[in-house]
Amino acid sequence: MLSRLSVRDVVLIEKLDLDFAGGLCVFTGETGAGKSILLDSLALATGARSDSSLVRHGAKQLSVGAEFVLPEHHAVFDLLSEQGIDFEPGEPLFLRRVVSADGKSRAFINDQAVSAALLRQAGDQLVEIHGQFATHGLLNTATHRDVLDSYGALEELKGQTASAFQAWQDKTAEKQTAQADLEKAQAEEDFLRHCVDELKQFNPQPGEEKELADRRALMMNAEKIAEGLNGARAALSDDGPDRALRQAQRQLENLARYSEGRFEPVIESLGRIMAELNEDVALVESFCAELDFDPGVQETVEERLFALRALARKHQVTADELPDLLADFERRLDSLEKGGEDLIRLAKEEEALRLNYMETAHRLSAARCKAAEKLDTAVARELPPLKLDKAVFKTQVEQLPESLWNAEGTDKVVFTASTNTGQPLAPIAKIASGGELARFMLALKVNLAAAEKIPTLVFDEVDSAIGGATATAVGERLARLATQDCQVLTITHSPQVASFGAHHFRVEKFESEPGKVVTAVVELQDMARREEIARMLAGAKTTDASRAAADELLKNGGNF
């Protein structure tokens, strides 16, 4: 709810800080005292179009701020989180607007600069103003479907419809992709067949490029390698090292009987060295035998390597990816040769999901029609006491063309009304203006407040051109509305409406100094409130009779 409104230099208000509580808050005062300035200020703070004419004469800028205390899971916090606005759960949320005399405007949420659009988005979820300032909320037909769904508790069925729609759309996208692939394959059939024949004939293998490159490098250095191997073979073939090793081993073996085994490790080591030397000689001999000096073989390897790389460049892949590319080309040709069998299957699956969506959406539509009838009946009961006995309210649930079906279903929902006999039904924003529209919205709000979840509602001119029992009915409904987890603010000239307020504020204009008129707001308690209602009843002069009548009204209002 709105917990505090701060106003600086707006028209006749120099400085004003108002604290609010829950329930019904009423504002009274003489005509021209400045009650509309409060609504202008609240509207500015919550994102209304800026207006430099509201800057107080002589001031450089105006500043308005609205503080809200909200439950931790209120939808506005999701909006702020998406936009990167810092906030602490459970802490008040503060919206502020600054407008300079030259027309420049700045917006803030929790003292972080934001766009006017974001301020308006947040404000739309926090405050709804009905009357001469009403421009959003229920007057926006785009909100009607969601409001009706909330009123009818259709969230589960709505979720099923959204899931069915998404499944249908996913399958449609899959079919469209398959269709595009098939058409592309058909257009490229000759190219695909040529590529498959070429790749099959070449028969590239994974890792072949590296193998060929290694063989080529070896062959290009064959002469140097041969020279080195021959030198190593010649050195190892010389029996000098072997003769020396054997002679040393025999000498040590002859001394073995004198050394009590001390020379055995050396004798064994010499034996191992000779064995390894013989193995190395054999290995070098095999290297020499394997060395291929045939220039024709080298040329063949190079031709294969260069052709492999050229083929990879042609298809813009790596050489190792050529086998996978061949498999892909064969798959596309196979799909083409199947004559679009996959496409036929996908089309059948898509139609099945479309029918499932239609069935689910039809159930949602039927539930909406049932909720609409319930809402129409409930609103109709509220109209006569509000002096709208000739008015008609109807929730229209209309089928959309298939091109407009979406995750929300196949319906368009519009709240329509007629306020006079014979007048055709029209969207509620177009049926009337001023107090008549405000009372009509009150009848709606009494039934929809819980569904909309907007914490603060403001009514202006709701008592226009009414009195007596009708004004009492308005007051009763405002008070009832304020018990439905929302706070209600109303500007009223009706003592009957004022008597139902849980909190009563008087707006007054006075001359703070010669030639300087300012507006102030005072919260009234007990006797001061009684005097204000008596003034509203009596007019120019308050009398004992008007005070007694005020007591009676306050008694009735307090017993609501």
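The values are calculated or read from the model by the stated rules, or taken from the named source; none is laboratory data. Just so you know, these numbers come straight off a predicted model, no measurement behind them. Cβ placement follows ideal geometry from the backbone for every residue including glycine, while neighbour counts extend to all protein chains displayed. We work out accessible area using only protein heavy atoms, side chains counted, and drop any ligands, DNA or RNA first. Shrake-Rupley method; radii C 1.70, N 1.55, O 1.52, S 1.80 Å.
Values as computed for the structure displayed
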{"read-out": "Counted residues, the range 25-48 - those being in a loop (DSSP other than H, G, I, E, B) and either within 14 Å of Arg106 (Cβ to Cβ) or aromatic (Phe, Trp, Tyr) (or both)", "value": "1"}
{"read-out": "Any chance Gln423 is out of contact with any His (no Cβ under 7 Å at 6 or more places or on another chain) and either free of Cβ contacts under 8 Å to residues at least 12 places away in the same chain or exposed (fewer than 14 other Cβ atoms within 10 Å of the Cβ) (or both)", "value": "yes"}
{"read-out": "Close pairs from the range 328-347: first hydroxyl-bearing (Ser, Thr, Tyr), partner open to solvent by less than 50 Å² (accessible area, probe 1.4 Å), Cβ under 7 Å, at least 6 apart", "value": "Ser335/Leu182; Ser335/Ala185"}
{"read-out": "The range 397-445: number of residues that are closer than 23 Å to Leu157 by Cβ and basic (Lys, Arg)", "value": "1"}
{"read-out": "Residues located in the range 38-69, provided they are under 25 Å from the mean Cα position of the chain (by Cα), hydrophobic (A, V, I, L, M, F, W, C) and at pLDDT 90 or above", "value": "Ala45, Phe68, Val69"}
{"read-out": "Where a residue in the range 18-41 is under 10 Å from Leu489 (Cβ atoms) and in contact (Cβ under 8 Å) with a residue 40 or more places away in the chain and its partner, wherever it lies, is assigned to a helix (DSSP H, G or I) and not aromatic (Phe, Trp, Tyr), with Cβ under 6 Å and at least six apart", "value": "Leu24/Leu478; Leu24/Ala479; Val26/Ala498; Phe27/Lys35"}
{"read-out": "Thr416 under 20 Å from Ala371 (Cα atoms) and either in contact with a helix residue (DSSP H, G or I) (Cβ under 7 Å, 6 or more places away or on another chain) or buried (at least 21 other Cβ atoms within 10 Å of the Cβ) (or both)", "value": "yes"}
{"read-out": "Residue that is farthest from Arg215 (Cα to Cα), among those in the range 306-346 that are of a type outside the set (D, E, K, R) and open to solvent by 50 Å² or more (accessible area, probe 1.4 Å)", "value": "Ile344"}
{"read-out": "Options Glu476, Glu508, Glu513; residue that is free of Cβ contacts under 8 Å to residues at least 60 places away in the same chain and acidic (Asp, Glu)", "value": "Glu513"}
{"read-out": "Elements of type helices (runs of 4 or more DSSP H) in the range 412-523, at least 2 residues being at pLDDT below 85 and over 18 Å from Lys387 (Cα atoms)", "value": "434-452"}
{"read-out": "Complete set of residues in the range 375-411 that are free of Cβ contacts under 8 Å to residues at least 60 places away in the same chain, assigned to a loop (DSSP other than H, G, I, E, B) and among the basic types (Lys, Arg)", "value": "Lys390"}
{"read-out": "Some residue of the range 231-247 being modelled with pLDDT under 80, touching a Cys at 6+ places or on another chain (Cβ under 8 Å) and in a helix (DSSP H, G or I)", "value": "yes"}
{"read-out": "Which numbered condition Gln121 misses (of (1) over 22 Å from the mean Cα position of the chain (by Cα); (2) more than 22 Å from Phe20 (Cβ to Cβ))", "value": "(1)"}
{"read-out": "Residue tally, condition open to solvent by 50 Å² or more (accessible area, probe 1.4 Å) and assigned to a loop (DSSP other than H, G, I, E, B), over the range 49-65", "value": "6"}
{"read-out": "Qualifying residues in the range 524-560 (those that are outside any helix (DSSP H, G or I), among the hydrophobic types (A, V, I, L, M, F, W, C) and over 20 Å from Thr470 (Cβ atoms)) - the one least open to solvent (accessible area, probe 1.4 Å)", "value": "Leu524"}
{"read-out": "So Lys394, is it at pLDDT 90 or above, within 33 Å of the chain's Cα centre (by Cα) and farther than 21 Å from Lys158 by Cβ", "value": "yes"}
{"read-out": "Count of residues meeting criterion [under 35 Å from the mean Cα position of the chain (by Cα) and over 19 Å from Gly501 (Cβ atoms)] in the range 18-37", "value": "0"}
{"read-out": "Count of the range 455-480 residues which are surrounded by fewer than 20 Cβ atoms within 10 Å (Cβ to Cβ) and under 35 Å from the mean Cα position of the chain (by Cα)", "value": "1"}
{"read-out": "Any hit, the range 535-543, residues being closer than 20 Å to Ser36 by Cα, out of contact with any strand residue (DSSP E or B) (no Cβ under 8 Å at 6 or more places or on another chain) and among the polar types (S, T, N, Q)", "value": "no"}
